[in-house]
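Here's the structure, in structure tokens; my notes come after.
The values are calculated or read from the model by the stated rules, or taken from the named source; none is laboratory data. These numbers come from a predicted model, not from an experiment. Cβ coordinates were reconstructed from backbone atoms using ideal geometry, including for glycine residues, and neighbour counts include every protein chain displayed.
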Amino acid sequence: MGLWQILEWAAWIISAVLLGWMFIDFLKVGREYSEATLLSSREGIDELELFGDGKKKGH
Amino acid sequence: MAEQAAGQAQGQQINLLKVLGPTHVWALGVGIVLVGEFMGWNYAVGKGGAYGALIACWVIGLLYTCVAMIDSEITSTVAAAGGQYAQAKHTIGPLMAFNVGLYLVLAYTMLEAGDVLVAGQLVQIGAGELGASTAFEPFTILSLVVLAWLNYRGVFMTLTVNFVITAAAFLTIIILFIGLEPWHPESIMKHSELLTGLPYGWLGVIAAFHFGIWYYLGIEGTCQAAEEVRSPGRSLPLGTITGMITLAIAAGLTWYVCVGMLPWEYLGWDLTLAPLYDAARVSGSNFLHVALFVGTLFSAIASANGCINDAARAWFSMGRDRYLPQWFGAVHPRYRTPFRSILFLIPIAAVFALKVPLAQVITFSILSGLLNYTFMPINMFKFRRMWPLGSIRRGFQHPFHPFPAILLMSLCIITYFAVYLGYGRQLLAMMAFYIVASLWFHFYRYRFVRRGDQFTMAWPRPQGY
């Protein structure tokens, strides 16, 4: 088996290991946390308004 | 890593982490685009000759300058993941937002597929130059999975890595320029011999606009980081506009080097994979040869990395708003990334990378990008009309409105014509796809969307409502 064949196999194996790691982690997170917690993200708050220089908003 | 230490207890709200600064925004935008200097833009030479490609570089550069200005104003104000999707939701409405979200996901996923395919093929070319032979598939999949894993583990490390490899790739362009001794005209670069007029006239120049997009395609991706930057009002305009300046310099240097080293008939040839690398090869310098091989590989990897980041955020945002199943709107409790969206898009990118021809993949990416740019001037007009200057605080206020928006719309129309000249069938197929998707959204999916949750910014009521 030549060097490049070894590298090809190494590439497949590393890919499989990382994919496996992500998949196991994905399952573990699903078991340990409720759906409500995982989906609790809310769209970005407007920090410019919250931490602005106190300028009065126009209406 | 900050995000690794940021685990949260059950029951608390989990949001994306705000850890990014202007350098990360630069790395995201330039990282996605820089691969276009290493390959792709040269097809513009095939359409319009060397000068045609230069004119395309300037005209399309103007188009993207308008994109960067408009994006900087709106995104620094609508600081939400999803970028233009979140903007469309606020200024136009759900159907437009759904379409813009799809443009983004398709443009980035297709580009990501093209990038990892090129990365695999470059390894194959490198092996060939060392006298060996290898398949490209294992290295294509390895690139995709390693980058997806990096993205899964946290945005800070992902974009820090992107900063390093993007800066290295940009440096190789400068090294090549200096290595070819531009201060000695005609000694290595032969502009006077190689530059010709316009081989296909002005129609050829217009046709070149299609591939001129390659010089800058993806700079608008900086918007996807909006929810994760520490200071959107400062970081997004700074990162986007310095990114645009970097790309204009890189595009100019790339054009100058390549047309001085390679005849236009060769540059515009369809099978030329990487013209900057070819220019380094014909220079006869081993150092430049190796440097440009590394630069080309890094640019492809940086682009794929940024695209995984952006496609996942657009998909995540649509899931969070129930435009797609809400399941995709989950955030990883430890790494604070949209992990389900990242995982879901891996097999899709892999199939496109391994099964669909590169030219088709790239054309779909360009068309989706172009549709997104067409939305931007409409978005800008509505944004300024609904919330005039002074009614809300803007992170950045772009000058000369409405001139950039009008210019952007005009350039988009000309570029559609350019695309139609070469890829009319794909353009019509893409339009048909978006019409069918819109019908699906309108008649089926929209019933799941919570209408009251669409507007998330703490702004006053828009004028006229």
| remark: Note on segment B:317-352: residues closer than 22 Å to B:A86 by Cβ and among the charged types (D, E, K, R) are B:R320, B:D321, B:R322, B:R336, B:R340
| query | In segment B:259-289, which residues are closer than 14 Å to B:I174 by Cα and either buried (at least 20 other Cβ atoms within 10 Å of the Cβ) or out of contact with any helix residue (DSSP H, G or I) (no Cβ under 8 Å at 6 or more places or on another chain) (or both)? | reply | B:L276, B:Y277, B:A279, B:A280, B:L288
| Within segment B:392-429, can you find the residues that are without any contact (Cβ under 8 Å) to a residue 40 or more places away in the chain, of a type in the set (A, V, I, L, M, F, W, C) and within 16 Å of B:Q360 (Cα to Cα)? | B:L428, B:A429
| Identify, please: which residue in segment B:114-151 is in a helix (DSSP H, G or I) and β-branched (V, I, T) and is, among those, farthest from the other protein chains (Cβ to nearest Cβ)? | B:V118
| query | Do you know which residues across segment B:335-363 are in a loop (DSSP other than H, G, I, E, B) and either modelled with pLDDT of 95 or more or buried (at least 23 other Cβ atoms within 10 Å of the Cβ) (or both)? | reply | B:Y335, B:R336, B:T337, B:P338
| remark: Apart from one, (1) farther than 23 Å from B:T246 by Cα; (2) of a type in the set (S, T, Y); (3) part of a helix (DSSP H, G or I) all hold for B:T158; the odd one out is (1)
| task | Identify, by number, the condition in (1) in a helix (DSSP H, G or I); (2) under 18 Å from B:M69 (Cβ atoms); (3) out of contact with any Asp or Glu (no Cβ under 8 Å at 6 or more places or on another chain) that B:F400 doesn't meet. | result | (1)
| query | Could you list, in sequence order, the residues of segment B:209-235 that are surrounded by 24 or more Cβ atoms within 10 Å (Cβ to Cβ) and among the hydroxyl-bearing types (S, T, Y)? | reply | B:Y215, B:Y216, B:T222, B:S235
| message | It is to be established whether one or more residues within segment B:23-41 are surrounded by fewer than 24 Cβ atoms within 10 Å (Cβ to Cβ) and modelled with pLDDT of 95 or more. | response | yes
| request: Kindly indicate whether any position in segment B:53-63 is assigned to a helix (DSSP H, G or I), within 14 Å of chain A (Cβ to nearest Cβ) and more than 29 Å from B:L122 (Cα to Cα). | output: no
| query | If you take the residues in segment B:312-334 that are surrounded by 24 or more Cβ atoms within 10 Å (Cβ to Cβ), more than 10 Å from chain A (Cβ to nearest Cβ) and of a type outside the set (A, V, I, L, M, F, W, C), which one is farthest from the chain's Cα centre (by Cα)? | reply | B:Y323
| request: Go through segment B:238-261 and count every residue that is under 15 Å from B:G29 (Cβ atoms) and out of contact with any Asp or Glu (no Cβ under 8 Å at 6 or more places or on another chain). | output: 10
